[in-house]
Amino acid sequence: MTHTGLATDRLSLAYGDRIVIRDLTLQVPERRVTSILGPNGCGKSTLLKALARLIVPTGGEVKLSGKTLGAIDTRALARQLAILPQSPRAPDGITVADLVRRGRTPWRGFLAPWSEDDGRICAQALEQVGLQEMVDRPIDELSGGQRQRAWIALVLAQDTRYLLLDEPTTWLDLAHQLEVLSLLRQCNRDHGTTVVAVLHDLNLAARFSDHLILLGADGLVASGAPDEVVTEDRLRQAFGLDALVVPDPVTGRPLVVPR
């Protein structure tokens, strides 16, 4: 199998004796927004962690540009791939500026002075997320939506080709969910960043994604464009959900209406 970007080849993942993912082979489309969907416990977050080399496969492998992730130097990998985990925690009292500066760590040598490039990239990341006026604010004083944008600015400052996010809209109200997903899609459109996100909301995933990976209790159900993946039969197979799928009146993308 030829791998041109981020891909899995017969990947198996387990926690102890419990197998979560078995023999999964898939390709993440380059320069696109991909969402990973599926019911609770099907392995969405586990798959994302494996794509970021946060967990070791029990079988098969994850490859980046044809090279096994485990064979890539840690700093080199951090210059290509950034991950935002679920509910990240910041040190008490840290400011927005200090948090975002941490994204430059993979690009700076030991005791290397802060460079003009570092400052420019951090400023650009803060501008992208609309927090340039809040650089001196402590993270713990921000609203939920602002805090999530600060974390996204950190991974944008890491300046990678791949951006992986585990449930980036969790705990956010609908307006802030739309804001965060619009931001991620804009990063993709403006900079060609390959975005992979675990999402729960089927309709938001269908609206903002170019590609969907749908998992079920027995593994991969479907992978492809939203209108190929979000169908009544596949929702029944993955979730046991009896739903009507109709065109979204705003976007024309699939819209799920539970019966």
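Some observations on this one:
- Computed from label points 7 Å out along Cα-Cβ, the spacing between Ser65 and Glu133 is 4.0 nm.
- Choice from Arg32, Arg18, Arg75 showing the highest fluctuation, given a GNM over the chain with Cα pairs closer than 10 Å: Arg18
- Compared with the alpha-carbon gap, the fully stretched path from Asp73 to Arg185 is longer by 37.4 nm at 0.36 nm per residue.
- Note on the chain: antiparallel DSSP beta bridges, both residues inside, total approximately 60 percent of the bridges counted.
- Of every Cα-Cα pair in the range 73-164, the percent that sits beyond 23 Å: 19
- When you restrict to C-alpha pairs under 8 Å that are six or more residues apart and normalise by the size of the range 83-159, the relative contact order lands at 51 percent.
- Principal-axis tilt of helix 116-129 within the chain, Cα atoms, nearest 10 degrees: 50
- Put in line by how crowded their Cβ is, counting other Cβ atoms within 10 Å and starting with the fewest, Tyr15, Tyr162 read Tyr15, Tyr162.
- Taking every alpha-carbon pair within the range 1-132, the share separated by more than 23 Å comes to 46 percent.
- Between the alpha-carbon centres of the range 176-252 and the range 72-88 there is a gap of 24 Å.
- Per-residue ³J(HN,Hα) for the range 16-32, Karplus 6.51 cos²θ - 1.76 cosθ + 1.60, θ = phi - 60°, Hz, x for Gly and Pro: x, 8, 8, 7, 9, 10, 10, 6, 8, 10, 7, 10, 8, x, 6, 6, 10
- Cubic angstrom per residue, convex hull over Cα atoms of the range 128-226: 113
- Taking all pairs of distinct alpha-carbon atoms in the chain, Kirkwood radius in angstrom: 19.1
- Rounded FRET efficiency, nearest 0.05, which uses the C-beta distance separating Glu116 from Asp210 and R0 of 35 Å: 0.50
- Potential lengthening between Val257 and Asp98 on full extension [0.36 nm per residue; Cα-Cα distance subtracted]: 52.9 nm
- Relative contact order [Cα under 8 Å, 6+ residues apart], the range 118-217, whole percent: 26
- Neighbour-count ranking [beta-carbon atoms within 10 angstrom, fewest first] of Val62, Val257, Val221: Val257, Val221, Val62
- FRET efficiency for the pair Asp201 and Leu26, taken as 1/(1 + (r/R0)^6) with r the Cβ-Cβ distance and R0 = 30 Å, rounds to 0.90.
- Leu244 versus Gln80: modelled label distance in nm, points set 7 Å from Cα along the beta carbon direction: 4.7
Rule-based calculations on the coordinates, nothing more; no lab input. What you see is a predicted model, and the numbers here were worked out from it, not measured in a lab. Cβ coordinates were reconstructed from backbone atoms using ideal geometry, including for glycine residues, and neighbour counts include every protein chain displayed.
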